[in-house]
Amino acid sequence: MNNKRSPFIFSVLAFGYAFLYIPLVSVIVYSFNDSRLATVWGGFSTRWYGELLRNDQVLDAALLSLRIAVTTATFATILGTMLGLVLARFGNFRGRTLLTGMITSPLVMPEVITGLSLLLLFVSLHGLFGWPATRGFSTITIAHITFAMAYVTVIVRSRLAAMDQSLEEAAMDLGCRPLRVVFDITIPLIAPAMISGWLLAFTLSLDDLVISSFVSGPGASTLPMLIFSKVRLGVTPDINALASIIILLVSLGVVAAWLVSRRMQKSLPSN
Amino acid sequence: MGQGRGMLWQWFAVAVPYAWLLVFFLAPFVIILKISLADPVIAQPPFTPFIDDQNNLAVTLENFRFLLSDRLYLLTYLNSVMMAGVATLLCLLLGFPMAYGIARSSPVQRNLLLLLVVLPFWISFLLRVYAWMGLLNNHGVINNVLMWLGVIDQPIQILYTNIAIYIGLVYSYLPFMILPLYASLERLDLDLLDAAQDLGATPRQAFWDVTWPLARPGVIAGCLLVFIPATGEYVIPFLLGGPESLMIGRVLFDEFFVNKDWPLASAVAIILLLLIVVPIVLLQRFQSAEDDGART
């Protein structure tokens, strides 16, 4: 086996990872910068973190974003798991091509198109039925569920495709009803994929700026919308602090999830 | 599968998400098409109704005629496709050796290296683009380091130029390139490369005759996953590009939010959709072919 990496590959890897991580590290470093001019170093300070915690606008927006993200992730996981099962286990049925199209497209669709088209839908629905009366939590959540469920579907479906069907078949042969097979056998087996899907949907919802900007109404501002309105004119020190908190929290979460999943894989007999 | 009750829940499992996608994914495109055929008016909502007072169909192709005859819009479409294409190529040039290096590492290292590729993807996209504003600034880290090294005597303008947009695009979409590439390179059997070299192939021949054909599915998937969303990107050109940066996502956003011309914004979206529909269909064909391959 040729396990040595050539110097070329090694330098590209080093460059690539530096490229991925230098911006994140620099934001964290500058978040401790005392100077109001966010780009000039003025000594170490944690004052921007203090100002951030006293900023009600930021806290309200963060709370709204979290509420939307939890609701989105939960519904997207339910709908996405159903679709993953349908696509991986139901074989061919009428309308399958259209369905796979509606699952693949949201993954790559430019956000401006999704956002604009959903807003126009909500405006038309309002004209026809008087619903949604105001745009905000509900419209943003519906929009987020729609693109997040596509990601959940892909994760659940690929897990099901890689999975051995013999347990499900055995249960069926022993006279288990199909719906019980799903709840007693399939769902416990795909639970890790559903958790990954939930977390991904949660993150995607928490991150989304463009689609939320389109489908939100006056007064409802998610955290990315608030950040965007602050940074559109340049770098600001309190956003550096906020970004650092988010970077650290997410990194801790991802590394913890990684460690847990590694331990679980080790404790399982490898096949 | 089962009869009776079994059929009912199966029907339910298909129907509920299907209906959701029809209403909230497909129907909006029909509406966007409808509004792109209307005239803008100052009213609520700001476009003329599809059917006028005399019950006649009121459609106009004026928006499309305008877009297709206006040089600036054509240039913007062209420029968006070109910039997305160049960014895709840059992602491939950087991502391929990275994916190759990761796939060739020991299993422990490989897991860690993959985690480090995926980690930025979980951190807010907006904040990662924002991080570059601090780096590329005239008084930012990069200019300071270059001046300190004596490479330049005065700051060079990087932020608010197309170079900054390219950096932002490559940075944001690189994981989408590396992951599919890694997936196909990981399956590559090293014995094949050894065999090729034993039979007298130069490393270059071995690469083009063995590695590249096997990596091609990953290359195609990665390129499509980068190119399609990059074409309509809004945040990156807005935050990193100059005011005159010509990216269609940004034009659409402004047309809608600044000029409040909903019909024109819809027409801009329809033409953008037509530009990316071929790559989207390719991606879908390609992925269902991959799935069929995985199933057998």
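Per-structure values
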read-out	value
The stretch A:66-111: number of residues that are among the β-branched types (Val, Ile, Thr) and without any contact (Cβ under 8 Å) to a residue 24 or more places away in the chain	5
Candidates B:Leu274, B:Leu246, B:Leu252, B:Leu283, filtered to the one that is more than 8 Å from chain A (Cβ to nearest Cβ) and surrounded by 15 or more Cβ atoms within 10 Å (Cβ to Cβ)	B:Leu246
Condition check for B:Ala206: modelled with pLDDT under 90, more than 25 Å from the chain's Cα centre (by Cα) and either aromatic (Phe, Trp, Tyr) or assigned to a helix (DSSP H, G or I) (or both)	yes
Test: residue in the stretch B:33-52 that is away from every other protein chain (no Cβ under 14 Å) and either at pLDDT 90 or above or buried (at least 21 other Cβ atoms within 10 Å of the Cβ) (or both)	no
Qualifying position, being hydroxyl-bearing (Ser, Thr, Tyr) and in contact with a Phe, Trp or Tyr (Cβ under 8 Å, 6 or more places away or on another chain), among B:Thr48, B:Thr88, B:Thr60	B:Thr88
All helices (runs of 4 or more DSSP H) inside the stretch A:1-101 with 2 or more residues being closer than 30 Å to B:Pro107 by Cβ	A:7-31, A:56-89
So B:Met83, is it in a helix (DSSP H, G or I), within 12 Å of another protein chain (Cβ to nearest Cβ), modelled with pLDDT of 95 or more and farther than 29 Å from A:Ser31 by Cβ	no
Any chance A:Arg94 is basic (Lys, Arg), over 29 Å from A:Ser216 (Cβ atoms) and surrounded by fewer than 17 Cβ atoms within 10 Å (Cβ to Cβ)	yes
Verdict on B:Tyr18 being part of a helix (DSSP H, G or I), under 27 Å from the mean Cα position of the chain (by Cα) and under 30 Å from A:Ile145 (Cβ atoms)	yes
Residue count for the stretch B:90-112, restricted to those that are buried (at least 21 other Cβ atoms within 10 Å of the Cβ), of a type in the set (A, V, I, L, M, F, W, C) and at the interface with chain A (Cβ under 8 Å from one of its Cβ atoms)	2
Selection from the stretch A:112-134 of residues that are touching a residue at least 40 places away in the same chain (Cβ under 8 Å) and buried (at least 20 other Cβ atoms within 10 Å of the Cβ)	A:Val112, A:Thr114, A:Gly115, A:Leu116, A:Leu118, A:Leu119, A:Phe122
Cβ pairs under 9 Å, 6+ apart, first in the stretch B:78-105 and within 16 Å of A:Phe10 (Cβ to Cβ), second assigned to a helix (DSSP H, G or I) and acidic (Asp, Glu)	B:Ala99/B:Glu186; B:Ile102/B:Glu186; B:Ala103/B:Glu186
Residue match in the stretch B:174-187 (condition: more than 21 Å from B:Leu115 (Cα to Cα), modelled with pLDDT under 95 and either more than 10 Å from chain A (Cβ to nearest Cβ) or touching a Phe, Trp or Tyr at 6+ places or on another chain (Cβ under 9 Å) (or both))	no
Exclusive hit being within 20 Å of A:Ala243 (Cα to Cα) and of a type in the set (Ser, Thr, Tyr), set B:Tyr130, B:Tyr160	B:Tyr130
Any pair with Cβ under 8 angstrom, 6 or more apart, that starts in the stretch A:148-172 at a residue that is within 11 Å of chain B (Cβ to nearest Cβ) and ends at one that is of a type in the set (Lys, Arg)	A:Leu160/A:Arg89; A:Ala161/B:Arg295
Unique residue being in contact with a Pro (Cβ under 8 Å, 6 or more places away or on another chain), closer than 22 Å to A:Arg232 by Cα, free of Cβ contacts under 8 Å to residues at least 12 places away in the same chain and not β-branched (Val, Ile, Thr) when the list is B:Leu126, B:Leu135	B:Leu135
Any hit, the stretch A:40-63, residues being more than 12 Å from chain B (Cβ to nearest Cβ), basic (Lys, Arg), in contact (Cβ under 8 Å) with a residue 60 or more places away in the chain and surrounded by 13 or more Cβ atoms within 10 Å (Cβ to Cβ)	no
Qualifying helices (runs of 4 or more DSSP H) (wholly inside the stretch A:182-271; at least 1 residues being crowded, with 20+ Cβ neighbours inside 10 Å and free of Cβ contacts under 8 Å to residues at least 40 places away in the same chain)	A:187-207, A:223-231, A:237-267
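The values are calculated or read from the model by the stated rules, or taken from the named source; none is laboratory data. Fair warning: this is a prediction, and the values are worked out from it, not measured in the lab. For neighbour counting, all protein chains shown are included, and Cβ atoms are generated from backbone atoms with ideal geometry for every residue, glycine included.
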